[in-house]
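The values are calculated or read from the model by the stated rules, or taken from the named source; none is laboratory data. Computed from a predicted model, the values in this text were never measured in an experiment. Reconstructed Cβ throughout: ideal geometry from the backbone, glycine too, with neighbour counts over all protein chains shown. Remember, those area values only see protein heavy atoms, side chains included, never the ligands or the DNA or RNA. Shrake-Rupley method; radii C 1.70, N 1.55, O 1.52, S 1.80 Å.
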Amino acid sequence: MSAGRLRQLTLIAPLALIAPAAALAQNATGKPGEHILSTGFKFAEQSGEALYVNVCQACHMPDGKGAIGAGAYPALAGDANLAVGASPVAVVINGQRGMPPVGFLMSDEQVAAVVNYVRTHFSNTYRDTVSAADVKALRSGKP
Amino acid sequence: MQSDKATAVSRRDLLALIGTAAGSAAMYQAMQSLGFAANSAYPGPIALSGDVKGASVLILGAGLAGMTAALELRKAGYKVQVLEYNRRAGGRNWTLRGGDTFTELGGFTQTCAFEEGHYFNPGPWRIPYHHGAVLDYCKRLNVALEPFVELNYNAYLHAPDAFGGRPQRIRTIKTDFEGHVAELLAKATAQGRLDEAVSTEDKEILLNALKAWGALDKDYAYKANLISARVRGYAKGPGGGLDAAPAAGEPVALRDILKSELWEYLRSFSQIEFQTTLFQPAGGMDMIGKAFARETGDLIRYDAKVTKIAQDDSGVTVTYVDARAPAAEQTAKADWCVSTIPLSILSQIPINVGARMRAAIDAVPYASAVKIGLQFKRRFWEEDEAIYGGISYTGLPIREIAYPSSGLNRGGRGVLLGGYIFEGSNAYEFASMAPAERVARAVALGSQIHPQYPTEFENGVAVAWQRVPFTLGCAGYWTEKTRAEHYDDLCQIDGRIVLAGEHASYLPAWQEGAILSSLDAITRLHHRVVRT
């Protein structure tokens with residue numbers, strides 16, 4: 001078992017509902033057109049689009065418009081909080097209120113890819129990009 | 001090294017000694033430190049005595065925490081009202097049956113098509129024997145319980161890339177793993193490798209214990225024979241009459257078990273939450289919520305979406321709208337407020353509490369979880385595979401398959417929990433799919449364990465908690481760090497407001513945590529009321 005996996009299990013163990021996953025392979029299952037199911041605890045998707053479609057859209061929805069129930073998932077379409085790239089990177093890494101910290105399930109490259117994807121889709125047209133190095137720096141800044 | 005005499009004092013002797021010398025309080029203290037009396041934090045029914053001076057309490061949320069508060073506070077003499085977002089009571093205490101519909105965020109609506117008498121619990125589904133508060137309310141509210149089968153030795157452990165993808169019986173993996181380990185330990189003991197840690201006298205006892213525990217033969221070897229077969233199961237079971245002698249099967253090699261990582265799953269059964277006996281309400285988990293609602297339903301205003309919580313010196317005012325027609329704002333007022341709204345939602349509602357509680361409300365993200373219920377034409381897991389209740393674990397993204405604990409051996413249809421994906425990549429990935437795809441993928445994956453799936457499958461429902469409108473997630477996700485920083489601030493009474501729910505407990509995601517948190521919150525609130 002890798003140290004990373006052990007850490008994840010420790011992290012979720014207090015919830016007392018875990019079923020340890022036996023497979024550790026880095027690839028994923030899914031036919032063309034189907035959603036991806038990673039075979040490891042972390043996300044296997046690499047491109048910004050694949051990460052959005054298989055992770056973010058669970059809450060922010062396929063059209064990036066979010067959803068409203070007793071509380072709301074904010075729309076990413078035209079979201080002013082995306083203007084500075086570091087801001088969504090921090091949210092992906094640390095979580096924020098209803099948003100869980102999904103960044104620990106992604107590499108620095110994956111976080112950068114999905115943030116860049118969101119900042120250039122759903123009518124967002126930011127030209128600057130964030131890099132894996134930016135993500136790494138932000139990750140080490142906050143535990 | 002301790003003397004043999006000191007270590008030979010049994011727990012019971014020790015307790016008797018302490019009891020005589022120091023009285024029963026010390027005895028109870030000692031019992032707790034030895035772990036006998038401490039597993040349940042439930043002290044028994046609460047008695048909120050004293051003059052409440054006509055005080056009123058507004059409770060937000062009619063889940064188990066909210067309805068516990070409503071039931072107990074009304075009994076104590078408070079004027080109580082409850083606001084609930086859903087059109088039903090229970091919150092995450094929830095069961096889907098044939099004919100039920102559910103619309104998730106994003107607009108997908110599912111209609112459950114299960115045959116009458118079958119059900120699926122999207123939320124909590126089992127009650128450990130030491131969850132004393134849940135059990136006591138079940139008893140007081142006449143909720144019939146039945147055993148929930150957690151550990152079934154005949155269910156499977158499955159790793160897609162081990163043993164050619166063939167599922168292994170829990171019984172054989174557990175026995176073979178323990179047998180091989182016992183043999184290794186016995187070898188090391190006999191060779192004197194453990195002499196520093198084990199006294200000569202203990203060595204003999206340890207060898208005997210390893211032989212018994214590991215089903216070893218007289219030479220302390222773990223082998224294919226009738227000693228191991230009595231634990232791991234037979235290749236041919238004992239019968240009657242001629243040709244009836246049992247035959248032993250070959251144990252799985254230690255290196256194959258180690259490589260498969262199936263040993264990891266054995267740990268889940270050993271956790272105290274999953275040790276027998278566990279219970280479930282007969283007919284579905286929502287029998288508990290319904291029983292609470294029979295007691296408190298007249299206090300509940302349904303379809304009420306809270307939009308603002310404001311307190312001042314004179315009381316608490318909560319603004320809400322009709323969840324189905326959100327145009328007109330209404331208000332409810334009381335002297336005090338108990339909010340059980342999940343933090344994923346409360347963190348989005350304007351509320352004037354102090355900076356510390358505010359920070360605590362914002363600090364707890366919600367875990368992601370998906371559950372999938374599948375109906376099959378026949379109970380093939382019982383008829384073909386002799387699996388009656390219990391859980392199979394797999395490295396596939398569905399993570400587990402749980403077999404129904406009721407209706408055993410009766411034939412006809414059956415409903416399985418076809419996937420329970422808690423946290424990790426797959427929880428988000430399943431939640432990102434449309435419900436029908438979640439079900440289809442669970443059927444496709446599950447057929448690697450049960451090849452009967454494709455021909456026997458009829459219909460299914462899939463609940464992704466991230467998309468559940470009334471929680472936006474499964475349960476509060478605490479870490480050691482956030483607990484140290486924020487937990488006490490979350491639980492403190494802030495002015496006239498106190499929070500309750502599983503998120504304000506050390507039993508996250510458990511109903512016991514919701515009730516214990518509620519009892520603690522209203523007890524503290526009550527003390528404040530009768531004191532002032």
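Below 8 Å between Cα atoms, with a sequence gap of 6+, how large is the relative contact order for segment B:279-435 in percent?
For segment B:279-435, the relative contact order is 16 percent.
Which entries of A:LYS65/B:LYS481; B:LYS53/B:LYS79; B:LYS308/B:LYS333 show an alpha-carbon separation above 21 angstrom in the structure shown?
The answer is A:LYS65/B:LYS481.
How do B:LEU210, B:LEU516 rank by accessible surface area computed with a 1.4 Å probe, from largest to smallest?
The ranking, largest first, comes out as B:LEU516, B:LEU210.
Ligands, DNA and RNA left out, the 1.4 Å accessible surface of segment A:50-115 is 62% carbon and sulfur atoms. Averaged over peptide B:477-483, the number of partner chain Cβ atoms lying within 10 Å of each residue's Cβ comes to 3.
Treating r as the C-beta distance of B:ALA209 and B:THR276 and R0 as 22 Å, the FRET efficiency rounds to 0.45. Using a/c under 1.5 as the rounded threshold, could you call segment B:46-149 rounded, prolate or oblate? The axes a ≥ b ≥ c are square roots of the C-alpha gyration tensor eigenvalues, and prolate needs a/b larger than b/c, oblate otherwise. In terms of gyration-tensor shape, oblate. Only protein heavy atoms count here; on that basis, with a 1.4 Å probe, A:ARG97 has an accessible area of about 100 Å². Maximal additional length on extending the B:THR523-B:ALA235 stretch stands at 97.8 nm, based on 0.36 nm per residue less the C-alpha distance. Cross-link pairs exceeding 25 Å in C-alpha to C-alpha distance, out of A:LYS136/B:LYS259; B:LYS290/B:LYS371; A:LYS42/B:LYS305; A:LYS136/B:LYS371, comprise A:LYS136/B:LYS259; A:LYS42/B:LYS305; A:LYS136/B:LYS371. Normalising the average separation of contacting C-alpha pairs (under 8 angstrom, six or more residues apart) by the number of residues puts the relative contact order of chain B at 19 percent.
Across peptide B:360-372, the average count of Cβ atoms from other chains found within 10 Å of a residue's Cβ is 3.
Roughly to the nearest percent, how much of the accessible area of segment B:424-532 is carbon and sulfur, given a 1.4 Å probe? Percent of accessible area from carbon and sulfur atoms in segment B:424-532: 55.
With the charge dipole of the protein assembly as shown set up from +1 on Lys and Arg Cβ and -1 on Asp and Glu Cβ about the Cα centre, the Cα lying farthest toward the positive end among the listed residues B:THR109, B:VAL149, B:PRO43 is that of B:PRO43. Legend: residues B:GLU458, B:GLU104, B:GLU329, sorted from most to least accessible area (1.4 Å probe; ligands, DNA and RNA excluded), read B:GLU329, B:GLU458, B:GLU104. Solvent exposure of B:SER49, expressed as accessible area, is near 90 Å², computed with a probe of 1.4 Å over the protein chains only. FRET efficiency for the pair B:ASP384 and B:ALA444, taken as 1/(1 + (r/R0)^6) with r the Cβ-Cβ distance and R0 = 22 Å, rounds to 0.70. Gain on full extension, evaluated as 0.36 nm per residue between B:THR482 and B:ARG324 minus their Cα-Cα distance, stands at 53.3 nm. Relative to the dominant Cα principal axis of chain B, helix B:435-446 is inclined by about 10°.
Once you order the gyration tensor axes a ≥ b ≥ c over the Cα atoms, which shape class does segment A:30-143 get: rounded for a/c under 1.5, otherwise prolate or oblate by comparing a/b with b/c? Judged from the Cα gyration tensor, segment A:30-143 comes out rounded (a/c under 1.5). With a 10 Å cut-off around each Cβ of B:265-273, the average count of Cβ atoms from other chains is 2. When a/c reaches 1.5 or more, the comparison of a/b and b/c decides; with that in mind, is segment B:434-526 rounded, prolate or oblate per its Cα gyration tensor? Prolate, because a/c is 1.5 or more and a/b exceeds b/c.
Averaging sequence separations of C-alpha pairs under 8 Å and six or more residues apart, then dividing by the length of segment B:241-333, give the relative contact order as a whole percent. Intermediate values should be presented prior to the final figure.
Working: 57 pairs, mean separation 11.9, N = 93.
That works out to 13 percent.
How far, in nm, would the chain grow between B:ASP312 and B:ALA197 when pulled straight, counting 0.36 nm per residue and subtracting the alpha carbon separation?
Value of the extension gain: 34.9 nm.
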